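S.K.: Sharing a structure here in structure tokens format.
The values are calculated or read from the model by the stated rules, or taken from the named source; none is laboratory data. The shown structure was predicted, so the numbers you read here are calculated from the model rather than taken from an experiment. Ideal geometry is used to build each Cβ from the backbone, glycine not excepted, and the neighbour counts take in all protein chains shown. Only protein heavy atoms, including side chains, enter the accessible area calculation; ligands, DNA and RNA are left aside. Shrake-Rupley method; radii C 1.70, N 1.55, O 1.52, S 1.80 Å.
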Amino acid sequence: MLKDHGAKTVVDATFGEGGHGISLAGDGMRVYGLEWDEEMYSNAQKNVTESKTTKNVTLVHANFADLLEVLPS
């Protein structure tokens with residue numbers, strides 16, 4: 001469980017199929033999710049859309065090693 005530090009934005013650099021990120025987005029947080037695996041990325045896109053959290057989730061097909069390059073400034 002994440003401790004509440006008052007953050008409004010979270011980066012999930014290993015988004016997977018989106019379980020944790022979607023949950024956080026459903027609670028009103030802004031989530032940037034990175035997923036490298038093509039199949040997992042495709043599943044994550046579907047799961048985000050079905051969860052109706054698309055306005056709170058930005059999903060990027062990228063490796064966590066590229067974190068600084070893909071996040072907005």
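S.K.: Once you charge only the Cβ atoms, +1 for Lys and Arg and -1 for Asp and Glu, what is the size of the charge dipole of the chain about its Cα centre, to the nearest 20 debye?
M.R.: Details: 6 positive and 11 negative charges, 92 e Å.
With only Lys, Arg, Asp and Glu charged at Cβ, the dipole is about 440 debye.
S.K.: Still on this structure, I have one more. For VAL57, what is the net charge nearby, where nearby means another residue's Cβ is under 15 Å from its Cβ and Lys, Arg count +1, Asp, Glu -1?
M.R.: Numbers: positive: LYS8, ARG30, LYS46, LYS52, LYS55; negative: ASP12, GLU17, ASP27, GLU35, GLU50.
Cβ neighbours under 15 Å give a net charge of 0.
S.K.: Are there trypsin sites (Lys or Arg not before Pro) in region 4-73 that DSSP puts in a loop and that have at most 16 other Cβ atoms within 10 Å, and which ones?
M.R.: Counting only loop positions with at most 16 other Cβ atoms within 10 Å, the trypsin sites (Lys or Arg not before Pro) in region 4-73 are LYS8, LYS52, LYS55.
S.K.: Using only the alpha-carbon atoms, what does region 25-73 span along each of its principal axes? Please give whole angstrom values in decreasing order.
M.R.: 27, 27, 11
S.K.: Additional query: Of HIS61, GLY18, SER42, which is farthest towards the positive pole of the chain's charge dipole, taken about the Cα centre with +1 and -1 on the beta-carbons of Lys, Arg and Asp, Glu respectively?
M.R.: GLY18
S.K.: What percentage of the solvent-accessible surface of the chain, computed with a 1.4 Å probe over protein heavy atoms, is contributed by carbon and sulfur atoms?
M.R.: 52 percent
S.K.: Related question: By the scheme Lys and Arg +1, Asp and Glu -1, what is the net charge of all other residues having a beta-carbon under 14 Å from that of VAL31? Intermediate results must be reported in sequence, preceding the final value.
M.R.: Details: positive: LYS8, ARG30, LYS52, LYS55; negative: ASP12, GLU17, ASP27, GLU35.
Around VAL31, the surrounding residues sum to 0.
S.K.: Of all beta bridges DSSP finds with both residues in the chain, what is the antiparallel percent, to the nearest 5? Write out the running numbers ahead of the final one.
M.R.: Numbers: 0 of 9 bridges.
Counting only bridges with both partners in the chain, antiparallel ones make up about 0 percent.
S.K.: Say the dipole of the chain comes from +1 at the beta carbon of Lys and Arg and -1 at that of Asp and Glu; which of GLY6, GLY33, LEU71 then lies farthest toward its positive end?
M.R.: Checking the options against the dipole of the chain, the answer is GLY6.
S.K.: Here's a follow-up. Could you tally the net charge around VAL11, taking each other residue with its Cβ under 15 Å from the Cβ of VAL11, Lys/Arg +1 and Asp/Glu -1?
M.R.: So the surrounding residues net to -2.
S.K.: I would also like to ask the following. Rounded to the nearest 500, what is the chain's calculated 222 nm mean residue ellipticity when only DSSP H runs of at least 4 contribute -39500 (n - 2.57) each, over all residues?
M.R.: After summing the helix terms and dividing by the residues of the chain, the value is -10000 deg cm²/dmol.
S.K.: Here's a follow-up. Please give the per residue accessible area of the chain, computed with a probe of 1.4 Å over protein heavy atoms only, in Å².
M.R.: Averaged over the residues of the chain, the accessible area is 70 Å².
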